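Student: Once you've had a glance at the structure underneath, I'll fire off some questions.
The values are calculated or read from the model by the stated rules, or taken from the named source; none is laboratory data. If you're wondering where the values come from, they're calculated on a predicted model, not measured in any experiment. Cβ coordinates were reconstructed from backbone atoms using ideal geometry, including for glycine residues, and neighbour counts include every protein chain displayed.
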Amino acid sequence: MHAVLDVTAVSMNFGGLRALSEVDLQVHSGEIVALIGPNGAGKTTFFNCITSIYTPTEGQVWFTPQKGERTRINGMKPNLVTTLGMARTFQNIRLFKNMSVLENVMIARHCRTKAGIIGALFRPAAVPREEQEIVEQSYALLKYIGLHTYMNEQASSLPYGAQRRLEIARALATEPSLLLLDEPAAGMNPQETEALKHLVLKIRDEMDMAILLIEHDMSMVMSLAERIYVMEYGCLIAQGTPAEVSSDTRVIKAYLGEDAHA
């Protein structure tokens with residue numbers, strides 16, 4: 001297994017506030033890794049740094065897609081990071097709510113299309129063919145994720161758990177090598193969370209994809225992740241297997257609660 005994501009000593013300052021301090025993290029091909037920590041620990045800031053929404057103050061972020069070379073992505077435009085093969089969902093759902101479910105997935109295919117402005121203006125034969133392929137590929141993804149029956153409905157009309165899954169489908173439409181999930185189970189009931197867990201495993205196994213997730217649902221994290229990184233106040237305080245992390249006294253005190261060791 002090679003490192004799809006290799007983060008070395010990443011720090012992030014906002015004026016006099018140090019939000020991240022020398023964070024190291026790796027995700028290998030075909031691996032599910034979790035990043036946990038209390039609210040305000042810096043987890044989403046870390047996601048923003050590795051997806052180039054923020055440029056880290058210090059440190060290096062290297063990304064190696066399945067069919068590509070190892071690339072330093074510090075300061076790269078976020079759309080180019082997506083094109084390389086890194087996709088994410090957000091803690092707060094960011095769908096195009098006035099578009100249909102199908103259109104939400106179709107728009108994410110933009111980074112994989114070949115027709116540019118000239119093609120849109122002059123419409124050679126290849127353009128309609130590509131447009132039809134986008135529709136078919138987007139529908140196939142909705143079917144894969146279990147949302148094809150909603151394809152013509154507005155995204156805003158979907159149940160909450162389905163909106164979460166639509167965000168995942170839209171991310172998958174960019175054909176990523178690494179999928180970043182920011183609290184995908186937030187607000188879900190136990191049945192929806194269980195279904196989400198099976199979906200994440202299905203994506204990893206059937207699409208041969210590396211997955212990095214932030215999640216507060218510890219039962220989901222412990223049953224999904226092969227390795228876990230734990231943050232507190234912008235610093236890594238522990239890393240290891242679920243068994244190692246759940247028995248670490250620093251983690252118990254900082255995040256899992258004093259009684260979690262019992």
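Student: Identify the residue in region 90-116 that is basic (Lys, Arg) and either buried (at least 17 other Cβ atoms within 10 Å of the Cβ) or farther than 14 Å from Ala173 by Cα (or both) and, among all such residues, is modelled with the lowest pLDDT.
Tutor: Per the stated criteria, the residue is Lys114.
Student: Another one. Sort out which residues of region 223-236 are under 9 Å from Gly37 (Cβ atoms) and either outside the structural domain of Ile36 (by TED's automatic domain parsing) or without any contact (Cβ under 8 Å) to a residue 60 or more places away in the chain (or both), and write them in order of number.
Tutor: If the condition is that a residue be under 9 Å from Gly37 (Cβ atoms) and either outside the structural domain of Ile36 (by TED's automatic domain parsing) or without any contact (Cβ under 8 Å) to a residue 60 or more places away in the chain (or both), then no residue fits.
Student: Taking Ala87 as the residue in question, decide whether it is small (Gly, Ala, Ser) and modelled with pLDDT of 90 or more.
Tutor: yes
Student: Name every residue in region 243-256 that is touching a strand residue (DSSP E or B) at 6+ places or on another chain (Cβ under 7 Å) and either of a type in the set (Gly, Ala, Ser) or modelled with pLDDT of 95 or more (or both), in order of residue number.
Tutor: Hit for region 243-256 is Ala254, nothing else.
Student: Now a separate question. For region 13-33: of the residues being crowded, with 20+ Cβ neighbours inside 10 Å and touching a helix residue (DSSP H, G or I) at 6+ places or on another chain (Cβ under 9 Å), which is nearest to Val200 (Cα to Cα)?
Tutor: Filtering first and then ranking leaves Ile32.
Student: Turning to a different aspect of this structure: So which of Leu196, Leu181 is crowded, with 21+ Cβ neighbours inside 10 Å and closer than 20 Å to Thr51 by Cα?
Tutor: Being crowded, with 21+ Cβ neighbours inside 10 Å and closer than 20 Å to Thr51 by Cα holds for just one of Leu196, Leu181, which is Leu181.
Student: Of these, Tyr144, Tyr139, which one is at pLDDT 90 or above, over 23 Å from Leu35 (Cβ atoms) and under 18 Å from the mean Cα position of the chain (by Cα)?
Tutor: Selected residue: Tyr144, the only one of Tyr144, Tyr139 that is at pLDDT 90 or above, over 23 Å from Leu35 (Cβ atoms) and under 18 Å from the mean Cα position of the chain (by Cα).
Student: Restricting to region 1-12, name every residue that is crowded, with 20+ Cβ neighbours inside 10 Å and over 14 Å from the mean Cα position of the chain (by Cα).
Tutor: Val7, Val10, Met12
Student: Looking only at region 76-93, which residues are assigned to a helix (DSSP H, G or I) and not polar (S, T, N, Q)?
Tutor: Within region 76-93, Pro78, Leu80, Val81, Leu84 qualify.
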